[in-house]
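S.K.: Have a look at this one before I ask anything.
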Amino acid sequence: MKVTRVSAFEIYKALSAENPSQNQEKDAPNVKREENGLHVSKKSRRTKRKHNKIKVLKVLPKDVLSEMKSAKQEGVHKPNIGVKEVLNCSGTERTDGRHHKGKILKEKKAKVEQDAAETVTSLPTKLPGSAKPLVGPALETVFEELGKIQNSKERAAKLFQWFISPISAKKFFSEIWEKKPALIRRHNPDYYKGLFSTAEFDRILRDNDVQYGVNLDVTSYSNGERETHNPPGRALPFNVWDFYKNGCSLRMLNPQAFSVTVWNVLSILQEQFGSMAGANVYLTPADTQGFAPHYDDIEAFVVQLEGKKHWRVYNPRTKEEVLPQVSSPNFSQDEIGEPILEVVLEAGDLLYFPRGFIHQGDCLSDTHSLHITISSFQKNSWGDLLDKLLPAALQIAIEEDVEFRQGLPLDYLSYMGVQNSEKDDPRRTDFTEKLQGLIKKLAKFAPVDAAVDQKAKDFLHDCLPPVLTEEEKATSVFGVPTRWEDGDARDVAVQINGKTKIRLLRKGVARLCSEGEAVILYHTVENSRVYHKEEPKFFEVDPEHTDSVEFLIHSYPTYVTVESLPCEIPDDKISIAELLFEKGLLLTKNPLPSS
């Protein structure tokens, strides 16, 4: 007897109908969750199941989509389908009876251009302008070249330059970073080959314990409503690909936990930004959209890996939403105005937009899309530094200056506060001037270095552990030949002496911080590949070793001899070198001999 198979999607739909709360967003107001590899705040929002096959309304006119498709078939390349191009494609010059539509779009075009001139930021950068393929070294070759660079900061700069080529890093950070979107057309589908793929996506599902809501989100956006379809438990290929076949988008959170290549890229780039680099992978079926329009609180680099995706990017709606500290809720289409950039990304292309720029992406009808969003600079503003600095400054001021401990006026409640704000009372002026004077005075108590160290501690906790090259493994504790052999432990000690040449593993691998009477060394070597899965990693440094640790930090990337460490007692030089080596923080110039 033939048995009709019931798909996982149908089962989930039935369960959702019985328990509507199952399909609601799990995020309560101001609760943080992973987005683009980083934490973001999301508003809670009610979602409802609609129907089995999810359809997405076309944003581009059908005649434009048809024109794009036919152009591709004829070998004609349209390098940038943007707002102006879309409107021009449907202008009044057409002779197919759509003159009225063309007139409306022409008026719309004029309004878009007028609005763009009044926006809070300039129009996006589009590079390069020609259709000539941009050929660069393969990612495997890039990694080989990076392994030859001793300075990890220089490695990060070189990788980032490859990442955004042909635009220079200097131009990017001076003219684009935090200011406006940038589009880089490469016309080379293999430019990012090896970074991630749908085959890798499938392998991860098969070989790893991928959990819905933790490592994978199943989403859709249809008829203006964003939905999440995460059942409980492990995301097995049988169910995941059933969701995909029924029109759902798949978002893999923290792909660096499963992909060594993504881990390597992010662990290098985090030194370029001085801030955590995170990632999400998005796989979207043809003819669908997975997410509602929104903005994020991170700098986003959208790397198109396979297929194509139609993107629209919009300016921040107000000055208050420029470079926001938290992500937005989902927007409706009528809340966001007209896009300043509308483009179809193809494999090898890169789209950057700063935090606060609203964006949405949907797939065309002829192909799926796979892209990875690499992100950074969450909560890394002057305001975030002041958030750590000002409370500390105030506490010091209270302890050291009696003026901060003097009592408030006995009757200040009678003339200050909102209910008294309209009073014409000279005491209000005196009170305000006194308070402003104390605020100005507060600056001299500000422990700037200590506050920066607090930010550095957070950064080190956020960081991925370093990925070691074969040479680094051979000259670190990870390459010593200690083993069990012939019924005994062999080579359990190594020879470090005064002539041994050493240096830190990475420029940003560790940081000395003063906490009360103790000196603590925070580091990233033992961090997890999953964001904040482990507590911060640190150990206390003896006072007599502090100068030696600082010496190693400032000497990087130069190798120095153990005997050159600034300790008064020779044995202390050996002790601190052995400690740092055992913790995985040191490299030696040559592999150490076993004792």
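S.K.: Could you say whether any residue in the stretch 580-593 is surrounded by fewer than 20 Cβ atoms within 10 Å (Cβ to Cβ), free of Cβ contacts under 8 Å to residues at least 40 places away in the same chain and either under 26 Å from LEU146 (Cα atoms) or touching an Asp or Glu at 6+ places or on another chain (Cβ under 9 Å) (or both)?
M.R.: no
S.K.: Under 7 Å between Cβ atoms, which residue pairs at least 6 apart in sequence (or on different chains) link something in the stretch 394-408 that is modelled with pLDDT of 95 or more with a partner that is open to solvent by less than 60 Å² (accessible area, probe 1.4 Å) and among the small types (Gly, Ala, Ser)?
M.R.: Within 7 Å, the pairs are PHE404/ALA397.
S.K.: Of GLY417, GLY383, which residue is closer than 28 Å to TYR522 by Cα, surrounded by fewer than 12 Cβ atoms within 10 Å (Cβ to Cβ) and at pLDDT 95 or above?
M.R.: Exactly one residue qualifies, and that residue is GLY383.
S.K.: Does the stretch 508-520 contain at least one residue that is under 19 Å from LYS153 (Cβ atoms), open to solvent by less than 60 Å² (accessible area, probe 1.4 Å) and outside any strand (DSSP E or B)? Please lay out each step first, then the result.
M.R.: Pass one, the stretch 508-520, residues under 19 Å from LYS153 (Cβ atoms): 508-512.
Next, only the ones that are open to solvent by less than 60 Å² (accessible area, probe 1.4 Å) stay: 508-510, 512.
Filter once more, keeping what is outside any strand (DSSP E or B): 508-509.
Scanning the stretch 508-520 turns up at least one residue that is under 19 Å from LYS153 (Cβ atoms), open to solvent by less than 60 Å² (accessible area, probe 1.4 Å) and outside any strand (DSSP E or B).
S.K.: Looking at the stretch 164-187, I want the residues that are modelled with pLDDT of 95 or more and have a partner that is in a strand (DSSP E or B) and among the polar types (S, T, N, Q) with Cβ atoms under 8 Å, at least 6 apart or on another chain. Which pairs are those?
M.R.: ILE167/THR125; GLU175/THR125; ILE176/THR125; LYS180/THR125; PRO181/THR125; ALA182/THR125; LEU183/THR125
S.K.: Residue under question is SER220, and the condition is that it be closer than 19 Å to PRO329 by Cα, not charged (D, E, K, R) and not in a helix (DSSP H, G or I); does it hold? Working first, answer last.
M.R.: On the way: closer than 19 Å to PRO329 by Cα: yes; not charged (D, E, K, R): yes; not in a helix (DSSP H, G or I): yes.
Judged against the criteria, SER220 is a match.
S.K.: Could you run through the stretch 226-283 and say how many residues are more than 30 Å from GLN150 (Cα to Cα) and of a type outside the set (Ser, Thr, Tyr)?
M.R.: Number satisfying all stated conditions: 27.
S.K.: Taking interchain pairs and intrachain pairs at least six residues apart, which have beta carbon atoms under 6 angstrom, with the first residue in the stretch 188-213 and over 11 Å from SER259 (Cα atoms) and modelled with pLDDT of 95 or more and the second surrounded by 20 or more Cβ atoms within 10 Å (Cβ to Cβ) and of a type in the set (Gly, Ala, Ser)?
M.R.: ASN188/GLY348; PRO189/ALA347; PRO189/GLY348; TYR191/GLY348; VAL210/ALA235; TYR212/ALA235
S.K.: Additional query: Mind listing whichever residues of the stretch 541-579 are open to solvent by 20 Å² or more (accessible area, probe 1.4 Å), in contact with an Asp or Glu (Cβ under 8 Å, 6 or more places away or on another chain), assigned to a helix (DSSP H, G or I) and without any contact (Cβ under 8 Å) to a residue 60 or more places away in the chain?
M.R.: Residues satisfying the conditions are GLU544, ASP572.
S.K.: From the list LEU345, LEU323, LEU385, exactly one residue is under 15 Å from GLN304 (Cβ atoms) and under 25 Å from the mean Cα position of the chain (by Cα). Which is it?
M.R.: Only one candidate passes the filter, namely LEU345.
S.K.: Could you tell me which of the residues LEU565, LEU592, LEU585 is within 15 Å of LYS499 (Cα to Cα) and at pLDDT 95 or above?
M.R.: LEU565
S.K.: Here's another thing I want to ask about it. I'd like to know if the stretch 528-538 contains one or more residues that are part of a loop (DSSP other than H, G, I, E, B) and at positive phi.
M.R.: Among the residues of the stretch 528-538, at least one is part of a loop (DSSP other than H, G, I, E, B) and at positive phi, which makes the answer yes.
S.K.: Still on this structure, I have one more. Can you tell me which residue is surrounded by the fewest Cβ atoms within 10 Å (Cβ to Cβ) among those in the stretch 195-220 that are within 13 Å of VAL530 (Cβ to Cβ) and touching an Asp or Glu at 6+ places or on another chain (Cβ under 9 Å)?
M.R.: Of the stretch 195-220, the ones within 13 Å of VAL530 (Cβ to Cβ) are 208-211, 214-215.
Add one more test, that the residue is touching an Asp or Glu at 6+ places or on another chain (Cβ under 9 Å), and what stays is 214-215.
Details: VAL214: 16, ASN215: 22.
Among those that are within 13 Å of VAL530 (Cβ to Cβ) and touching an Asp or Glu at 6+ places or on another chain (Cβ under 9 Å), it is VAL214.
S.K.: Okay, moving on. Quick one: is ASP366 surrounded by fewer than 22 Cβ atoms within 10 Å (Cβ to Cβ), in contact (Cβ under 8 Å) with a residue 60 or more places away in the chain, part of a loop (DSSP other than H, G, I, E, B) and among the charged types (D, E, K, R)? Reasoning before the result, please.
M.R.: Details: surrounded by fewer than 22 Cβ atoms within 10 Å (Cβ to Cβ): yes; in contact (Cβ under 8 Å) with a residue 60 or more places away in the chain: yes; part of a loop (DSSP other than H, G, I, E, B): yes; among the charged types (D, E, K, R): yes.
For ASP366, the condition - surrounded by fewer than 22 Cβ atoms within 10 Å (Cβ to Cβ), in contact (Cβ under 8 Å) with a residue 60 or more places away in the chain, part of a loop (DSSP other than H, G, I, E, B) and among the charged types (D, E, K, R) - is met.
S.K.: Conditions first: (1) under 20 Å from GLU470 (Cα atoms); (2) in a helix (DSSP H, G or I). LEU587 passes all but one, so which condition is the exception?
M.R.: Against the list (1) under 20 Å from GLU470 (Cα atoms); (2) in a helix (DSSP H, G or I), LEU587 comes up short only on (2).
The values are calculated or read from the model by the stated rules, or taken from the named source; none is laboratory data. This is a predicted model, so every value here is computed, not measured. Every residue, glycine as well, gets a Cβ built from its backbone with ideal geometry; the counts of neighbours run over all protein chains shown. Just so you know, the surface numbers come from the protein's heavy atoms only, side chains and all, with ligands and any DNA or RNA stripped out. Shrake-Rupley method; radii C 1.70, N 1.55, O 1.52, S 1.80 Å.
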